[in-house]
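The values are calculated or read from the model by the stated rules, or taken from the named source; none is laboratory data. Because the structure is predicted, anything quoted here is derived from the model rather than measured. Glycine gets a Cβ as well: all are built from the backbone with ideal geometry, and neighbour counts include every protein chain shown. Keep in mind that these areas ignore ligands, DNA and RNA; they rest on the heavy atoms of the full protein, side chains included. Shrake-Rupley method; radii C 1.70, N 1.55, O 1.52, S 1.80 Å.
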Amino acid sequence: MPDLLLELRSEEIPARMQRKAAGDLRKMLTDGLVEAGLTYEAAREYWTPRRLALDIRGLTARSKDIHEEIKGPATSAPEQAVQGFLRKAGLASIAEAHVNSDPKKGDFYVAHISKPGRAAEAIIAELVPGIIRGFPWPKSMRWGPASAKPGSLRWVRPLQSILCTFGPETEEPVVVDFEIDGIRSSNVTYGHRFHAPGEITVRRFDDYVSKLEAAKVVLDADRRKEIILADARNLAFANGLDLVEDEGLLEEVSGLVEWPVVLMGEFEQDFLAIPAEVIRLTIRANQKCFVSRPQGAVEDLSNRFILTANIEAKDGGKEIAYGNGKVVRARLSDALYFWKTDQGDLPDLDQLKASAEKFGLDLKKPLDQRMARLDHLGVTFHAKLGTQGERVERIKKLAEELAPIVGADPALARRAAMLAKADLTTEVVGEFPELQGAMGRKYALLQGEHPSVAAAIEEHYKPQGPSDRVPTDSVSIAVALADKLDTLVGFWAIDEKPTGSKDPYALRRAALGVVRIVVENGIRLPLTPTFESAYEVADYLASKAGGANGSDLLSFFHDRLKVYLRDQGARHDLIDAVITPQSDDLLQIVRRVEALGSFLDSENGKNLLAGTKRAANILAAEEKKKTQVAETVEPALFREDAEKMLFAAVNQAERQAGETIQNEDFSAAMLALSVLREPVDSFFERVLVNDEDQAVRANRLALLARIRAATGKVADFSRIAG
């Protein structure tokens, strides 16, 4: 079977676009080949800063001949239907159609279409130019004299050459010939821009890879990553250091070089006075370099950094390392200035007294000054939700209310909430927004805040995704919940809710954060009164918020809880069986689902489920028919022992389940229901519900209603599959 090799070589492609672009190329071409009637055994994409490549193995040499029969309308059909059939079948006139007869439907038109197969080379030559012209780059450009012409080629960076060969392993492959904007396909590529810029003639993928390697180009991005990581680790170890690994940076750096050469640079020890996070981000953001730490150290960094060059320099990389060091020192000098400035007094201190008095801030402390400035400047949080200062006031009050519920000191929760957003006005966070919270914690510790307050300033943003850890310190929990609940209640009040795939304010993430904090910390937090407290705190929102909003927000939380529980492996039907529109205790819902799942895994659970669903189905069918159902069960109307046994079991189960549910022992509630298993089975074996006597029938239906009510105390069994 023939193989196809395609390479699109250009000027440097931004690293962040390479992986997706290579995947898009593979999908677009393989989809097109399959649609054209070809099949293939395997396809893999490759990329470097200057090329996208595709290796397709076992591609059929020719598409199959197609013989198709298209059934048309009856010969007596109106002209409009006949014309539609001709267009669909691609016939010039009805004379080209055949007439078939059906004993029942009469005569009708049929078109017999035959399409001869096409050579794979012809299909590829037709597909690739269209893919190149319609390629989904996030940003693209035109270049050269042709760019002035309408419809000229656009590409992420100027496209320089196209390599396209096709053929079996046992024969000489052919060049698939096509041209786009003056660039003709060939079997020629070029190596490393500096080390081997000359032409390289290739036949198929295997010699393409080996010849590129000889020309200082490592085609496989994952192999480049392995080379960079291994060499960086070894270089750090050889200098008595450990590499601080960074998967995101490794991915980016592998997209910046075709021939990775790992080098080490350094900066002055004095810069180590800057927090490690700031040093790391400064070097990462500006120079795409890795940092290192002394062997065995956990947080401290060394003054050595590791860079990845794209060239083997004659001096062993000394000048490259020195040049990177100069830039790193300049950036760290800025960072050191920001770090020291944030610990000093603000120049506009006199203007901040009113804000300091309003929040009870101590203007002798740098972080308090920054909070006062945040309020004084009137920085807008949202046009309809007020300023950041107003938001902090709301979070502060709500955190103080939540503190006793989560076991936190209200005073510490209040202080932490008051300082939680203060670092937004610091110089370091202004330069590196991703450090908000982390810098607030450092500055809080420097000015002598309680460790729980400092931790809450950093952790109140968490969790920021399903893989992020949840805060466990009680003060952090109080502030994190207050922050997220204020956001959700506020946006619900102004009717700015997520729609479809759009969630510009990350409200789904905020709700999932509340779910995880509550569930994973085992917190009992009724949401409905909490929403009401949040609305009351936001007085100016209260008029816009109503019961419907609160109910709608609770439903939104139910959806996030379902997502969370499904990710944990819970069955969706068990979740639906437990949740009611009024369920506002997330932890209780989770425990009910766990207990129900364990119960239904048992033999008693499975049998009881079958019996209760049968009872519910009969009852629902009769209720739909408006059949009379007695309001209460009358023992005097029992005719069978099975009825008496079931009635006694239902009374016992209702009583015991009610007591255990009140004590929130849901496993015991399930066990209490298990006494119904045998009486329910016996009832359906020996008793005919639809008795001829209307009073007896109504009484028996009432007994089924009691079964539904008893099991309904634990879950809606009708929603459970099986």
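Residue check: D55 meets all listed conditions (1) at pLDDT 95 or above; (2) surrounded by 15 or more Cβ atoms within 10 Å (Cβ to Cβ); (3) farther than 19 Å from I123 by Cα but one, namely (3).
Where in region 322-433 are there helices (runs of 4 or more DSSP H), lying fully within it, with 2 or more residues that are within 32 Å of the chain's Cα centre (by Cα) and basic (K, R)? Steps first, please.
Numbers: elements: 353-359, 366-376, 388-406, 410-419, 427-431.
Here the list reads 388-406.
Here R203 passes the criteria (1) at pLDDT below 95; (2) more than 39 Å from the chain's Cα centre (by Cα); (3) assigned to a helix (DSSP H, G or I) except the one numbered (3). Checking R686, R677 one by one, the residue that is of a type in the set (K, R) and either within 43 Å of the chain's Cα centre (by Cα) or surrounded by 16 or more Cβ atoms within 10 Å (Cβ to Cβ) (or both) is R677 and no other.
Filter region 205-261 for residues that are of a type in the set (S, T, N, Q) and touching a residue at least 12 places away in the same chain (Cβ under 8 Å); which is most open to solvent (accessible area, probe 1.4 Å)?
Within region 205-261, the subset of a type in the set (S, T, N, Q) is 210, 234, 239, 254.
Right, trim to touching a residue at least 12 places away in the same chain (Cβ under 8 Å) and you get 239, 254.
Values: N239: 71, S254: 3 Å².
Restricting to residues being of a type in the set (S, T, N, Q) and touching a residue at least 12 places away in the same chain (Cβ under 8 Å), the top hit is N239.
Residue under question is A321, and the condition is that it be in contact with a helix residue (DSSP H, G or I) (Cβ under 9 Å, 6 or more places away or on another chain), among the aliphatic types (A, V, I, L, M) and at pLDDT 95 or above; does it hold? No, not satisfied.
Restricting to region 451-488, and then to whatever is open to solvent by 40 Å² or more (accessible area, probe 1.4 Å) and assigned to a helix (DSSP H, G or I), can you tell me which residue is nearest to R415 (Cα to Cα)? The qualifying residue nearest to R415 (Cα to Cα) is P451. Residue check: is K421 open to solvent by 30 Å² or more (accessible area, probe 1.4 Å) and among the basic types (K, R)? So K421 does not fit the description; no. Restricting the first member to region 345-368 and to residues that are closer than 19 Å to E449 by Cβ, and the second to residues that are surrounded by fewer than 18 Cβ atoms within 10 Å (Cβ to Cβ) and small (G, A, S), the beta-carbon pairs closer than 7 Å and six or more apart or on different chains are P366/G344. Which ones in region 4-40 are over 29 Å from the mean Cα position of the chain (by Cα), among the acidic types (D, E), open to solvent by 10 Å² or more (accessible area, probe 1.4 Å) and modelled with pLDDT of 95 or more? Within region 4-40, E11, E12 meet the criteria.
Determine whether P173 is over 30 Å from E312 (Cβ atoms), open to solvent by 80 Å² or more (accessible area, probe 1.4 Å) and over 39 Å from the mean Cα position of the chain (by Cα).
Details: over 30 Å from E312 (Cβ atoms): yes; open to solvent by 80 Å² or more (accessible area, probe 1.4 Å): no; over 39 Å from the mean Cα position of the chain (by Cα): yes.
Judged against the criteria, P173 is not a match.
Could you check, for region 658-680, whether at least one of its residues is touching a Phe, Trp or Tyr at 6+ places or on another chain (Cβ under 6 Å) and in a helix (DSSP H, G or I)? Checked region 658-680: at least one residue is touching a Phe, Trp or Tyr at 6+ places or on another chain (Cβ under 6 Å) and in a helix (DSSP H, G or I).
Answer yes if at least one residue in region 144-157 is touching a helix residue (DSSP H, G or I) at 6+ places or on another chain (Cβ under 6 Å) and closer than 20 Å to L25 by Cβ, and no otherwise. Explain how you work it out, then say what you get.
Kept after step one, since they are touching a helix residue (DSSP H, G or I) at 6+ places or on another chain (Cβ under 6 Å), are these residues of region 144-157: 152.
Subsequent filtering for residues that are closer than 20 Å to L25 by Cβ retains none.
Scanning region 144-157 turns up no residue that is touching a helix residue (DSSP H, G or I) at 6+ places or on another chain (Cβ under 6 Å) and closer than 20 Å to L25 by Cβ.
Note on region 181-197: among residues that are within 16 Å of V128 (Cβ to Cβ) and among the hydroxyl-bearing types (S, T, Y), the one that is surrounded by the fewest Cβ atoms within 10 Å (Cβ to Cβ) is S186.
For region 290-301, which residues satisfy the criterion of being surrounded by 17 or more Cβ atoms within 10 Å (Cβ to Cβ) and either farther than 17 Å from S333 by Cα or modelled with pLDDT under 95 (or both)?
Taking region 290-301 as the starting set, the residues that turn out to be surrounded by 17 or more Cβ atoms within 10 Å (Cβ to Cβ) are 290-293, 301.
Within region 290-301, F290, S292, R293 meet the criteria.
Residues that are within 30 Å of the chain's Cα centre (by Cα), farther than 18 Å from P49 by Cβ and among the acidic types (D, E): does region 263-275 have at least one? For region 263-275, residues within 30 Å of the chain's Cα centre (by Cα), farther than 18 Å from P49 by Cβ and among the acidic types (D, E): absent.
Can you pull out the residues in region 596-621 that are of a type in the set (G, A, S) and open to solvent by 20 Å² or more (accessible area, probe 1.4 Å)? Walk me through how you get there before you give the answer.
Start the filter on region 596-621 by keeping residues that are of a type in the set (G, A, S), which leaves 597-598, 602, 605, 610-611, 615-616, 620-621.
Once the filter is applied, which keeps residues that are of a type in the set (G, A, S) and open to solvent by 20 Å² or more (accessible area, probe 1.4 Å), region 596-621 yields S598, S602, A610, A620, A621.
Restricting to region 102-130, and then to whatever is assigned to a strand (DSSP E or B) and in contact with a Phe, Trp or Tyr (Cβ under 8 Å, 6 or more places away or on another chain), can you tell me which residue is surrounded by the fewest Cβ atoms within 10 Å (Cβ to Cβ)? Reasoning before the result, please.
Within region 102-130, the first condition is being assigned to a strand (DSSP E or B), and the residues that meet it are 102, 106-115, 119.
Next cut, in contact with a Phe, Trp or Tyr (Cβ under 8 Å, 6 or more places away or on another chain) only: 102, 109, 111.
Details: D102: 9, Y109: 22, A111: 19.
The selected residue is D102.
Set side by side, the residues E654, E692, E640 differ, and just one is touching a residue at least 40 places away in the same chain (Cβ under 8 Å) and surrounded by fewer than 18 Cβ atoms within 10 Å (Cβ to Cβ), which is E640. All conditions but one from (1) at pLDDT 85 or above; (2) touching a strand residue (DSSP E or B) at 6+ places or on another chain (Cβ under 6 Å); (3) of a type outside the set (D, E, K, R) apply to A89; the one that does not is (1). Pairs are defined by a Cβ separation below 7 Å, a sequence spacing of at least 6 or placement on different chains, a first member in region 76-95 that is farther than 13 Å from V110 by Cβ, and a second member that is in a helix (DSSP H, G or I) and of a type outside the set (A, V, I, L, M); no pair meets this definition.
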